[in-house]
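Right, one structure below, let's go through it.
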Amino acid sequence: MLKIGLVLSGGGARGVAHLGVLKALDELGVKVSAISGTSAGAIVGAFYSAGYKPEEILNIAKTQKFFGFSNLLFGKAGLFNMEAFESVCRTYFTHNKIEQLNIPMTITATDIVKGEVRYFSKGDLSKALMASSCVPLVFEPVKFENALMMDGGILDNFPIEPLLSICDKIIGVNVNSISQNFDQIHMKDLLDRSFHIAMKGAIQEKIKSCDVLIEPADMSRFGMFDLSKLDEIYLEGYNCAKGLSNEIIQICL
């Protein structure tokens, strides 16, 4: 049987589009053999790897708001710390070990002191997810594995490398396509847009290694913390993946 790898990019609330993609893959009967994710992609991938259905994860995201600020506490080196997020993780991941997930999972984070990307496929699940999704200037760095960790997207927002040697085919999902249809850019969107424009070149090179790329269009119209549009974001991912059904099925044959 072919081993199908799945790469899930970061993207804050836009990461809910990954859930729509996973729903479409389930309907197509695609069995994912390994997942690699950054930030929101790591969170979605971990829940899915633990056995939660895409609709269940969407409901958890709406209730717990782990792509927003509601459950987060004021910190020091950033506006918020992530202790409450760790509590959410421990509620839903009873074993709290990456290696005990049903689907092998790699979580990407950035060692902010050494300036190095780190990939975690075993160890403390909640800490790894906290590190992977620790957005610069918004959250204070997470102490993990004797290092100060921050968002994996700083150095690798499309972590395909861990899958290249273990998978026969790779499906990539990027939820950060940049819209050029707008009248004005609001200040709150400038950092987000600048961040993803800067990463675009590196991601485009990685995309060449994907057998199928699922990239919903104009996703930058949704903000990283746009919690009011989760259903719409979910449908963007679902519809894009369904539109590529033939290509997805073909690589799985």
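The values are calculated or read from the model by the stated rules, or taken from the named source; none is laboratory data. Predicted model, so just to flag it, every value in this text is computed and none were measured. Neighbour counts run over all protein chains shown; Cβ positions are idealised from the backbone, glycine included. Heavy atoms of the whole protein, side chains included, go into the accessibility calculation; ligands, DNA and RNA do not. Shrake-Rupley method; radii C 1.70, N 1.55, O 1.52, S 1.80 Å.
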Checklist entry - Once you put a point 7 Å from the Cα of Glu55 and another 7 Å from the Cα of Glu161, both along the Cβ direction, what distance in nm separates them? => result 3.9 nm
Checklist outcome for this item: For the range 202-212, Karplus-derived ³J(HN,Hα) couplings (6.51, -1.76, 1.60; θ = phi - 60°; whole Hz; x for glycine and proline) come out as 5, 5, 4, 5, 5, 4, 4, 8, 7, 7, 9
Checklist outcome for this item: So, over other residues within a Cβ distance under 12 Å of Met105, counting Lys, Arg +1 and Asp, Glu -1, the net charge is +1
Next on the checklist: In Å², and per residue, what accessible area does the range 136-180 have when probed at 1.4 Å with the other protein chains present?
Outcome noted: 40 Å²
Checklist outcome for this item: Highest mean packing first, using Cβ neighbours within 10 angstrom, the peptides 38-46, 122-130, 12-20, 241-249 sort as 38-46, 12-20, 122-130, 241-249
Checklist entry - Between Tyr119 and Asp26, what FRET efficiency comes out of the Förster formula 1/(1 + (r/R0)^6) with R0 = 25 Å and r the beta carbon distance, rounded to 0.05? => result 0.45
Checklist entry - Carbon and sulfur atoms: what percent of the 1.4 Å accessible area of the range 78-177 do they account for? => result 51 percent
Item to check | Residue-normalised accessible area of the range 1-65, given per residue in Å² at a 1.4 Å probe | outcome: 28 Å²
